[in-house]
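The values are calculated or read from the model by the stated rules, or taken from the named source; none is laboratory data. Remember, it's a predicted structure, so these values are computed and weren't measured experimentally. Cβ sites come from the backbone with ideal geometry, for glycine too, and all protein chains shown count toward neighbours.
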Amino acid sequence: MTKNELVSYIAEETGLTKADAARAVEAFVNGVTKGLKDSQKVTLTGFATFTAKKKAAKTGRNPRTGETVKIPARVAVSVKAGSKLKDALN
């Protein structure tokens, strides 16, 4: 499902206009992003937990050339599915 498909689905399910649904989806994404920046964890009970994890710099290797490359430190996001989401999929 793409973002546009999600917006259309939300608009149909809630009776909102597509513009309002798009703003709601954008607000959700911004809220999760802000939560990860502020506290490094966002929990939507039963759905998912988003966690920001700091990754240290490391040395990697280009598999094509064998050349070593430096991979800078970064923040990665992990998502763990909640119980209701797992149950819905199984």
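Going by the structure shown, is L36 out of contact with any His (no Cβ under 6 Å at 6 or more places or on another chain) and surrounded by 10 or more Cβ atoms within 10 Å (Cβ to Cβ)? Before you say what the answer is, go through the steps one by one.
Details: out of contact with any His (no Cβ under 6 Å at 6 or more places or on another chain): yes; surrounded by 10 or more Cβ atoms within 10 Å (Cβ to Cβ): yes.
Taking the combined requirement at face value, the residue satisfies it.
I'd like to know if the range 5-22 contains one or more residues that are in contact with a strand residue (DSSP E or B) (Cβ under 9 Å, 6 or more places away or on another chain), surrounded by 10 or more Cβ atoms within 10 Å (Cβ to Cβ) and either without any contact (Cβ under 8 Å) to a residue 24 or more places away in the chain or among the aliphatic types (A, V, I, L, M) (or both). Within the range 5-22 (the criterion being in contact with a strand residue (DSSP E or B) (Cβ under 9 Å, 6 or more places away or on another chain), surrounded by 10 or more Cβ atoms within 10 Å (Cβ to Cβ) and either without any contact (Cβ under 8 Å) to a residue 24 or more places away in the chain or among the aliphatic types (A, V, I, L, M) (or both)), the answer is no, since none of the residues qualifies. When the range 10-49 is filtered for residues that are over 18 Å from G82 (Cβ atoms) and touching a helix residue (DSSP H, G or I) at 6+ places or on another chain (Cβ under 8 Å), the ones remaining, listed by number, are I10, A11, T14, L16, T17, K18, D20, A21, A22, A24, V25.
Every test in (1) assigned to a helix (DSSP H, G or I); (2) at pLDDT 95 or above; (3) more than 20 Å from L6 (Cα to Cα) is passed by K37 save one, and that test is (2). Before we move on, is K58 loosely packed, with under 13 Cβ neighbours inside 10 Å, touching a residue at least 24 places away in the same chain (Cβ under 8 Å) and not aliphatic (A, V, I, L, M)? So K58 does not fit the description; no.
Being outside any helix (DSSP H, G or I) and either in contact (Cβ under 8 Å) with a residue 24 or more places away in the chain or surrounded by 11 or more Cβ atoms within 10 Å (Cβ to Cβ) (or both) is not true of T65.
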